[in-house]
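Shown next, in C-alpha cells, is the structure this report addresses.
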C-alpha cells in the first residue's frame, strides 16, 4: 500500500454516517429443527471412505453446501449433491471437516471430527497365525479359499503356513465396468424407485403462487405399475433431478432414453409441452453451478394424449466436483408431465494417455528451461488430463481466465474502506479493504475514480479466481505464465469510463486517469501474487504485460467495439507508446518491491512477428530506453513472446528462423508462447483416411523443422527460456479443424507430429 494512501483517502471520503446493522431471522420452517450432520465423529482406516449426510433439511431447501478439511493429508472431502459429502481417509491422524449449509439466507456451520488409523497390512487379518494353538474353525469363523477337506480340525498347535500355501485373497472389489454399461435404469413403479430423485424449485416463489411443486409416483404408466409425475410446477426449470456425481466420469459419453407424457390437457398447453434434457455442474468445491442442455438444440414435443419416446446422447464436462441431471420443460412451460422407463447408459469413457511415451519436457530439458502448454482451469481438475499435462509439461498458460476481462469482468464497483471513514448507507456500494488494492495519492485525486458520494472506487479484481488457478498449478508442481495484463481486445469497457460505469454511453476518462488505473490494476494483482506470505508466490515464472499492441489499429473505431484504448489515446499505433511503456514500468516496480525482479520475466507478446521483426525490436527498445518514465534506462521488458501460430506458408521455417535470429542479435529473451501449426488444410468428418494421413504427415514435417530451428538458434546463443504449445489436443484447440497440435481427438491419440518433435531433439543431440 502506498504510504500516503490512508491520509488522502480520508480526505476524499470525508463523509460520515452510522451504518445500521440488520439481522435476518431464520425461516420459521428452519427454526424448529436446525440442520445437523449424520455423525459428529468418525473413525476410518486409511484408504476407507464414509458418506456423511445433512439431516433435518430437504435438498430442495439447500441453496449451497461447501465442505472443507483442515488437514488434506489426513482426510479429503468430496460433495455428493447438496445434502451429503464423502470423507476419505488418507493417513493416520485427526482432521476436522467443516460443512457450511446455506438454507434461505442463513448459513449453518457443522463439524465432524475424522480420526484416521493406519491401514492394515496386506493379509494381516486373514493370514494364519504362526506357531500358535488353534481350534477347529466354527461356523462363525471367516471362510478361506482352501477346501474344507484339506484343513482338518485339530486342537494341537499348527505350524505356520509354508510358502507354498495359497494366499488368502484380498476382499473382493466391484468389477471394473467397461462401456457400454447401464448407469441407472428406473421404471418408477414404487416410492422406493423415487428415493434418489428430487425436484428443483424455489420455495418462496411456489408458496406465493399457492403451489406444492413435487414429484410422485403416478398409477398411469408406460410400462409396469407407475411413472414419475412432476406436478404443480411454476416454471420450466422446476424439474425432476438426480445427482450423478459418483456415477459418471469427466469426458464420458452417455445415452439417455425415456418415455414422457402430459397426463391431462391444460388450457395453456393444449398441444402438450416441450421437454429438454439438461445438467448442472459445479466445477470446484464451493463453486457456483453452471447449467447446460444436452444437446442444446434438442427439444422433445410431449403430447397429453400419448407417450412420447425421448432419446439423446451427451458428453459430461471434462471436470467437475458435482454433476446433476434433470428433465425440464422449454421456456415457461408449467404443465405437469410423466416420465417412465428411464435409462442412462455409458457409451464410452475418455481414453487414458499413454504413459510409455517419451516425455516432451524431459526430451527438451537440456535446451529449454520451460516446456509448457495452454489449458483451462477445469482441465486440471480432470485427473487423467492432469496426469498427461504433468508428464509432458512443466508449466501452463491459462488461455482466457487471467485476461483482464476475466479478472475485472464483473462490473462490480467497490468503495475503498479506509477504516477511518464511514461510507454513507445510501451509497449502496460494496466496500473492500484498502490493503487489497494499490491506490496512490494521484489515483484518489481523479474525479473519474470517485463515486457520487466522494468515495474512492475501484473495479472488483477477482483475486479468488487467480488464487484457485495458481493453487492447482502449484499443488501439482507446475509453473504458470500470467497471460495477460493489457490487451485491447479483451479489456472490460467499464475500466475506461468515468466512475467505472458499464453504461455504453458513459464518458471516457482522460489519459492521466488511465495511467493511474493501469498502475492500480497491475500493482494490485502483482502485490497479491508475490506477497511474502502468499503460498503460491513462486508459481508465476513470467508475465505477458502487453499483448498484440502492434495489431491495435486493425480494430474498429466505433463506440461499443473492444478497442477502448483508442478512444482515449488516439487512433495511431505508435512504436513509442506511453501507456505500453508505463504498463511495463508498473509491473517492474511491483516485482522489485516484492524482491522478484530477477526471477520473473516481463514480456511483450505478439503474433506474426516473423513479418516485421525490426518493428518489434524498435518497440521493445523504446520500452527500455532511458527517459522520464524509465530514468535509469532499466531493462523493464525482458524480450519477446513469439506466439507462433504458424501456417507453413508465410510462416516458413526460413522466415521463422530469421525472426528468431533478429531477436537473438537484439539481446532479447525469447519465449515461444502459443505454438501451433496449421499448414495443411482442413480435417473434418468429410476427410478420408488417406487425406488425413497426408495432412498429418505434412504437419509432422513442419513441427520437426520448427523445433530444429529453435534448437539451432539455442546453439548459436539465443536466450530461449520457454516453449509453450498452445493446447493439448486438436479437439480442444481454437483451430480444431486444421490439425494444429501433437495429439488428435484426445490425449491418447498421438499424431505423427508428436514423433517429429521427439525426433528433432534426438537428431539434434546426435549431430553434436
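The conditions are (1) modelled with pLDDT under 95; (2) touching a strand residue (DSSP E or B) at 6+ places or on another chain (Cβ under 7 Å), and residue 557 fails exactly one of them. Which is it?
Every condition holds for residue 557 apart from (2).
With a cut-off of at least 1 residues that are buried (at least 21 other Cβ atoms within 10 Å of the Cβ), name the strands (runs of 3 or more DSSP E) lying wholly within the stretch 380-472.
395-398, 413-417, 457-459
Which of the residues belonging to the stretch 453-482 are without any contact (Cβ under 8 Å) to a residue 40 or more places away in the chain and either within 22 Å of residue 411 (Cα to Cα) or touching a strand residue (DSSP E or B) at 6+ places or on another chain (Cβ under 6 Å) (or both)?
464
Here are some residues: 585, 596. Which one is buried (at least 16 other Cβ atoms within 10 Å of the Cβ), part of a loop (DSSP other than H, G, I, E, B) and either at positive phi or within 34 Å of the chain's Cα centre (by Cα) (or both)?
Going through 585, 596 in turn, the sole match is 596.
Tally up the residues in the stretch 347-365 that are part of a loop (DSSP other than H, G, I, E, B), touching a residue at least 24 places away in the same chain (Cβ under 8 Å) and more than 25 Å from the chain's Cα centre (by Cα), please.
Number of matching residues: 3.
Name the strands (runs of 3 or more DSSP E) wholly within the stretch 296-346 that hold at least 3 residues that are under 21 Å from residue 214 (Cα atoms) and out of contact with any helix residue (DSSP H, G or I) (no Cβ under 6 Å at 6 or more places or on another chain)?
The qualifying strands (runs of 3 or more DSSP E) are 322-329.
Give the stretch 268-283 a look and list any residue that's crowded, with 16+ Cβ neighbours inside 10 Å and either closer than 18 Å to residue 230 by Cβ or at pLDDT below 75 (or both), or say none. Spell out the reasoning first.
Of the residues in the stretch 268-283, the ones crowded, with 16+ Cβ neighbours inside 10 Å are 269, 272-283.
Within the stretch 268-283, 269, 272, 273, 274, 275, 276, 277, 278, 279, 280, 283 qualify.
Please verify whether residue 629 is more than 36 Å from the chain's Cα centre (by Cα) and not assigned by TED's automatic domain parsing to the domain that holds residue 374, treating the condition exactly as stated.
yes
Does residue 488 meet the test of being outside the structural domain of residue 378 (by TED's automatic domain parsing), assigned to a loop (DSSP other than H, G, I, E, B) and over 16 Å from residue 460 (Cα atoms)?
Numbers: outside the structural domain of residue 378 (by TED's automatic domain parsing): yes; assigned to a loop (DSSP other than H, G, I, E, B): yes; over 16 Å from residue 460 (Cα atoms): yes.
Criteria met by residue 488.
Just the residues that are surrounded by fewer than 21 Cβ atoms within 10 Å (Cβ to Cβ) and more than 18 Å from residue 198 (Cα to Cα), please, taken from the stretch 75-87.
76, 78, 86
The conditions are (1) in the same structural domain as residue 673 (by TED's automatic domain parsing); (2) surrounded by fewer than 19 Cβ atoms within 10 Å (Cβ to Cβ); (3) in contact with a helix residue (DSSP H, G or I) (Cβ under 9 Å, 6 or more places away or on another chain), and residue 370 fails exactly one of them. Which is it?
That leaves (2) as the condition not met.
Restrict the check to the stretch 509-521 and report whether at least one residue is touching a residue at least 24 places away in the same chain (Cβ under 8 Å) and assigned to a strand (DSSP E or B). Please lay out each step first, then the result.
We begin by selecting, within the stretch 509-521, every residue touching a residue at least 24 places away in the same chain (Cβ under 8 Å); these are 509-521.
Subsequent filtering for residues that are assigned to a strand (DSSP E or B) retains none.
The answer is no; no qualifying residue exists.
Could you go through the stretch 667-681 and let me know if any residue there is without any contact (Cβ under 8 Å) to a residue 24 or more places away in the chain, farther than 21 Å from residue 758 by Cα and in contact with a helix residue (DSSP H, G or I) (Cβ under 8 Å, 6 or more places away or on another chain).
The answer is no; no qualifying residue exists.
Just the residues that are crowded, with 22+ Cβ neighbours inside 10 Å, touching a strand residue (DSSP E or B) at 6+ places or on another chain (Cβ under 7 Å) and part of a loop (DSSP other than H, G, I, E, B), please, taken from the stretch 644-665.
Passing the criteria: only 644.
So, in the stretch 387-399, of the ones that are in contact with a strand residue (DSSP E or B) (Cβ under 9 Å, 6 or more places away or on another chain) and under 15 Å from residue 480 (Cβ atoms), which residue ends up modelled with the lowest pLDDT?
Going through the stretch 387-399, the residues in contact with a strand residue (DSSP E or B) (Cβ under 9 Å, 6 or more places away or on another chain) turn out to be 388-389, 392-399.
After this cut, where a residue has to be under 15 Å from residue 480 (Cβ atoms) as well, the list is 389, 393-399.
Values: 389: 97, 393: 98, 394: 98, 395: 98, 396: 98, 397: 98, 398: 96, 399: 90.
In this case the residue turns out to be 399.
So which of 90, 62 ends up being farther than 18 Å from residue 196 by Cα and buried (at least 16 other Cβ atoms within 10 Å of the Cβ)?
Working: 62 fails: farther than 18 Å from residue 196 by Cα.
Result of the check over 90, 62: 90.
When you scan the stretch 678-701, do you find a residue that is in contact with a strand residue (DSSP E or B) (Cβ under 9 Å, 6 or more places away or on another chain), surrounded by fewer than 22 Cβ atoms within 10 Å (Cβ to Cβ) and part of a helix (DSSP H, G or I), even just one?
No, the stretch 678-701 contains no residue that is in contact with a strand residue (DSSP E or B) (Cβ under 9 Å, 6 or more places away or on another chain), surrounded by fewer than 22 Cβ atoms within 10 Å (Cβ to Cβ) and part of a helix (DSSP H, G or I).
Any residue in the stretch 44-52 that is modelled with pLDDT under 50 and in a loop (DSSP other than H, G, I, E, B)?
The answer is no, given that none of the residues of the stretch 44-52 is modelled with pLDDT under 50 and in a loop (DSSP other than H, G, I, E, B).
Looking at (1) more than 27 Å from residue 647 (Cα to Cα); (2) touching a residue at least 12 places away in the same chain (Cβ under 8 Å), which one does residue 626 not meet, given that it meets all the others?
(2)
The values are calculated or read from the model by the stated rules, or taken from the named source; none is laboratory data. The structure presented is a predicted model; accordingly, all values stated were derived computationally and were not measured. Glycine also receives a Cβ, built like all others from the backbone with ideal geometry; neighbour counts cover every protein chain displayed.
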